[in-house]
Structures are given as C-alpha cells and as structure tokens.
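The structure under discussion appears below in the form of structure tokens.
Please treat every number below as a calculation from the coordinates, not as lab data. Computed from a prediction, not measured in an experiment: that's the story for all the values here. Note that we place each Cβ from the backbone using ideal geometry, even for glycine, and neighbour counts take in every protein chain shown.
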Amino acid sequence: MTTFFSYPIHIQDGIIGATFGYIMACLIGILFDRITHNKQQKPDIPIGMGDIKLIGVGGLWLGTTGLAIALVIACISGGIWATHHKTRFIPFAPFFLLGGFLSLIAITFLI
C-alpha cells in the first residue's frame with residue numbers, strides 16, 4: 001500500500017521524465033529566441049531558467065505520464081489566466097505547480 005507522500009512512480013520513469021522535461025523546456029526557449037530574434041529591441045525571454053529547472057524536477061517526481069498531465073493543465077490554466085487578465089506574459093511556475101499537484105493526485109488515487 002502506498003501512502004500519499006510516497007514516491008508514486010518507478011525511478012527509471014522519473015529519470016526519463018526529468019530529462020525529457022528539461023530538454024523540452026530548453027528547446028522551446030532556444031527555438032523561440034531564434035525565431036523572434038530582433039537586434040533593435042531587447043528580445044523577449046520565453047521561459048526562465050527557474051521554470052526549466054522546475055519542469056525537470058516535476059518530471060523527476062511525476063514521471064512521463066504525470067509530467068504530460070501537469071503541462072497540459074498548466075498551459076490551459078495559464079492561457080485562461082492570460083485571457084482573463086489580458087496580459088502577454090504569464091508566470092508559468094504557479095500554473096505548473098497547480099498542474100503537478102493535480103497530476104500527483106490523479107496518479108496516486110486514480111491510476
């Protein structure tokens with residue numbers, strides 16, 4: 001029987017999730033920088049290094065399935081928040097933490 005705070009996945013899945021999450025977030029930042037690079041203006045930063053590290057740790061804790069669920073929830077809730085507040089920049093960490101918490105609940109109790 002697993003308790004709520006036990007490690008919900010196998011370590012191999014956690015390592016794959018952490019590696020995939022970190023590399024995916026870095027690639028999104030690099031691609032955004034390459035596509036929108038403008039020398040006259042200061043370039044926008046699409047994703048900060050703290051967010052990248054948080055996604056990596058989230059992948060380590062949640063695994064590949066949990067990371068996918070957390071990212072979907074984070075993107076949807078962040079998009080709703082940005083639409084409601086009519087802003088261009090979204091603080092990704094709070095929405096990823098919400099998605100990670102809901103994903104952890106889903107993995108622990110539903111799967």
Sparse-neighbourhood loop hits (chymotrypsin sites (Phe, Trp or Tyr not before Pro), segment 58-93; DSSP loop; Cβ within 10 Å at most 10 others) -> F89
Projected onto their principal axes, the Cα atoms of segment 11-110 stretch, largest extent first, over whole-Å spans of 50, 31, 17
